[in-house]
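Step one of this worksheet: look at the structure below.
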Amino acid sequence: MRFDRRTVLAMGLAAAASPAVADPVADFFRGRTVTVLIGVSAGGEYDLQARLITRHIGKHIPGNPTVVAQNMVGAGGLTEANWLYNIGPKDGTYIGMIQNGLPIIQAVGLQGPQFDITKFQWLGCIAQTVETLALWHTSGVKTVQEAREKEVIIGAVGRGGITDTFPRMINEFVGTKFKMVVGYPGGNDVNLAMERGEVAGRNNTWSSWKVTKKPWLDEKKISILAYEGPRPPEFTNIPSVQELVTSEEDKATIRLITAGTLFGRPLTAPPGIPADRLAALRAAFMATMKDPDFLKEAAAGNFEVDPINGEQMQKIAADLMAMPEAVKKRARPFVE
């Protein structure tokens with residue numbers, strides 16, 4: 001088929017005049033700022049993870065918006081979660097890393113949450129967490145049986161938070177004699193109290209120990225007495241709390257109290273975000289988890305990357321709320 005010069009010129013002009021295929025998601029995010037809220041103060045594992053994601057996720061969001069991190073502290077993380085759910089923009093420009101214990105607070109019916117965890121639009125988490133009870137090397141206790149026979153002072157941040165709940169739960173279901181000292185401003189303050197000999201141990205996640213206190217692990221300054229969550233490969237001889245009990249009701253209650261391990265350090269968006277933007281944010285999160293630059297920085301910071309996607313977390317939230325009322329009632333005193 002032959003074309004004369006005028007035909008070719010006309011075809012070229014027509015192609016130039018045809019509009020490019022529109023991408024409404026990219027068009028929305030282009031030139032905007034996406035803010036990642038963090039419900040705790042700077043320096044801890046939540047903050048470090050959120051800022052790590054913040055540095056890399058922007059290049060995977062259509063339109064490549066600027067992404068910034070902002071701490072919004074108060075009421076054990078409730079200030080941020082309530083604001084994100086009820087007040088913040090519902091257009092995809094505000095997302096948040098919220099405390100993983102907040103879904104449990106709602107599930108057992110405590111006052112404070114002004115949200116429905118099943119209606120949060122979960123984006124994902126870097127990895128699920130493992131809660132541990134760690135003892136200082138001078139505590140004189142190395143096994144659960146020894147902890148049943150000797151009183152050990154445990155430091156905690158606030159009543160009802162996991163640093164208080166986890167050791168009290170072990171006391172209740174396993175028969176240990178942990179004496180709680182509650183009221184430290186933060187986890188770093190409890191760590192200092194351990195070094196000074198004020199307390200002999202504390203709850204913390206395994207990932208946090210590796211990120212913030214790896215020298216302690218290398219120098220055997222602490223030992224892990226028990227844990228709850230997915231079993232780390234290093235924990236061949238360390239029992240989970242569920243393994244230390246026999247009653248199925250006890251095990252179900254322990255699973256509810258420690259359900260935060262399933263959420264990891266969760267990144268979420270408020271309800272009401274347009275479906276195409278939500279899908280783009282979820283895809284951007286998972287793309288970030290495979291990003292070589294992100295993985296290199298995560299490895300340098302001792303972060304494990306074994307991501308849970310937003311759809312999986314949506315199901316975790318629904319399953320948590322569907323737990324039997326009898327189990328919720330029994331778990332409630334531990335998180336009040």
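Bear in mind that the values in this text are calculations on the coordinates, not laboratory data. Just so it is clear, the model here is predicted, and its values are computed rather than measured. No Cβ is skipped: glycine too gets one built from the backbone with ideal geometry, and neighbour counts run over all protein chains shown.
Considering only alpha-carbon pairs that sit under 8 angstrom and 6 or more positions apart, the relative contact order computed for the stretch 187-282 is 14 percent. Projecting label points 7 angstrom from Cα along Cα→Cβ for residue 41 and residue 55 puts them 2.3 nm apart. Grab the other residues whose beta carbon is less than 14 angstrom from that of residue 292, score K and R as +1, D and E as -1, and report the net. Net charge around residue 292: +1. For the chain, the dipole from Cβ point charges (+1 on Lys and Arg, -1 on Asp and Glu) about the Cα centre works out to 600 debye, to the nearest 20.
Taking each residue as 0.36 nm, the span from residue 279 to residue 299 lengthens on full extension beyond its C-alpha to C-alpha distance by 4.5 nm.
Divided by 2.2 N^0.38 Å, where N counts the residues, the Cα radius of gyration of the stretch 131-257 comes to 0.97. Beta bridges assigned by DSSP with both partners in the stretch 131-257 are antiparallel in approximately 60 percent of cases.
Lysine pair count for the stretch 131-257 (Cα-Cα distance under 14 Å; residues 8 or more apart in sequence or on different chains): 9.
Restricting to the chain, what percent of DSSP beta bridges are antiparallel, rounded to 5? The answer is about 50 percent antiparallel.
Apply the a/c threshold of 1.5 to the C-alpha gyration tensor of the stretch 281-331 and tell me whether it is rounded, prolate or oblate. It is oblate, given that a/c is not under 1.5 and a/b is not larger than b/c. The length gained on full extension between residue 220 and residue 159, counted as 0.36 nm times the residue separation minus their Cα-Cα distance, comes to 19.1 nm. Which of the trypsin sites (Lys or Arg not before Pro) across the stretch 256-334 are loop residues per DSSP, with 15 or fewer other Cβ within 10 Å? Sparse-neighbourhood loop trypsin sites (Lys or Arg not before Pro): 290. In summary, the convex hull built on the alpha carbon positions of the chain has an orientation-averaged projected area of 21.6 nm². If R0 is 56 Å, the Cβ-Cβ spacing of residue 138 and residue 249 corresponds to a FRET efficiency of close to 0.95. Our estimate of slack between residue 291 and residue 188, defined as 0.36 nm per intervening residue step minus the Cα-Cα distance, is 34.0 nm. Rg over Rh for the stretch 251-336 works out to 1.07, using Cα positions for both radii and the Kirkwood form for Rh.
When the GluC sites (Glu not before Pro) in the stretch 150-206 are filtered for DSSP coil states and for at most 14 other beta-carbon atoms within 10 Å of their beta-carbon, the remaining sites are 151, 198. Counting only other residues whose beta carbon sits under 13 Å from that of residue 36, what net charge do I get with K and R as +1, D and E as -1? Combined, the nearby Lys, Arg, Asp and Glu give +1.
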